[in-house]
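Inspection log for the structure reproduced underneath, given as structure tokens.
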Amino acid sequence: MILGMSLSAFTTFHVVLSLIGIASGLIVLAAMIDNKRAPAWTALFLVTTIATSVTGFLFPFKTFDPALVVGTISLVLLVIAVLSLYALRLAGIWRPVYVVAAVMALYLNAFVGVVQSFQKLAFLKPLAPTQSEPPFAIAQGAVLILFVLLGFLALRRFHPPIKPA
């Protein structure tokens, strides 16, 4: 039992948080590329992505495995994004710091989503049973390239007016 839930229910909760984080993060990324703020979507993205990383640490692990490394990196990026956005108000260097941290956190969530998809989805698992096969590498490479390109666009285009504290 984790947080009073069965492992299955907790896993479902964790996956739902992750999917909400990815969906809302993509909306936030699109807004940044359009040089717009999306305060409610941004808050939802940050809260659910933080919750995804935190709940990931509650699974019964025996070792500090790659999933926990990704979770740790994601949490560091999310702390930087939250501070850049809410405490430092995107002033000066904190605008590009926020964009990079937010996009990287979103990418890591999507990266894990691809890993989990190839592990859990019946139609993908046979294509890459060890996750060292070309379909897995192609999927991860495509996701990485997509996020690098979209992140670059967001970095170039997102210049919202700075709101006073």
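Observations on the structure shown:
- Residue check, residue 101 assigned to a helix (DSSP H, G or I) and under 18 Å from residue 155 (Cα atoms): yes
- Matching residues in segment 120-144 - criterion: being within 20 Å of the chain's Cα centre (by Cα) and either among the aromatic types (Phe, Trp, Tyr) or within 21 Å of residue 49 (Cα to Cα) (or both): 120, 136, 140, 143, 144
- Qualifying residue in segment 84-93 (condition: closer than 26 Å to residue 159 by Cβ, among the hydroxyl-bearing types (Ser, Thr, Tyr), touching a Phe, Trp or Tyr at 6+ places or on another chain (Cβ under 6 Å) and without any contact (Cβ under 8 Å) to a residue 24 or more places away in the chain): yes
- Of all the residues in segment 31-88, those that are surrounded by 16 or more Cβ atoms within 10 Å (Cβ to Cβ) and not aromatic (Phe, Trp, Tyr) number 29.
- Matching residues in segment 11-27 - criterion: being polar (S, T, N, Q) and surrounded by 15 or more Cβ atoms within 10 Å (Cβ to Cβ): 11, 18, 24
- Positions within segment 65-76 being touching a Ser or Thr at 6+ places or on another chain (Cβ under 9 Å) and either within 21 Å of residue 39 (Cα to Cα) or free of Cβ contacts under 8 Å to residues at least 24 places away in the same chain (or both), in sequence order: 71, 72, 74, 75
Conditions tested, residue by residue: (1) among the β-branched types (Val, Ile, Thr); (2) over 23 Å from residue 29 (Cβ atoms).
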residue: 71; (1), (2): no, no
residue: 77; (1), (2): no, no
residue: 80; (1), (2): yes, no
residue: 103; (1), (2): yes, no
residue: 125; (1), (2): no, yes
residue: 130; (1), (2): yes, yes
residue: 135; (1), (2): no, yes
residue: 155; (1), (2): no, no
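Since every read-out is calculated from the coordinates, none of them should be taken as a lab result. Note that the coordinates shown come from a computational prediction; the quantities given were computed from them, not determined experimentally. Neighbour counts run over all protein chains shown; Cβ positions are idealised from the backbone, glycine included.
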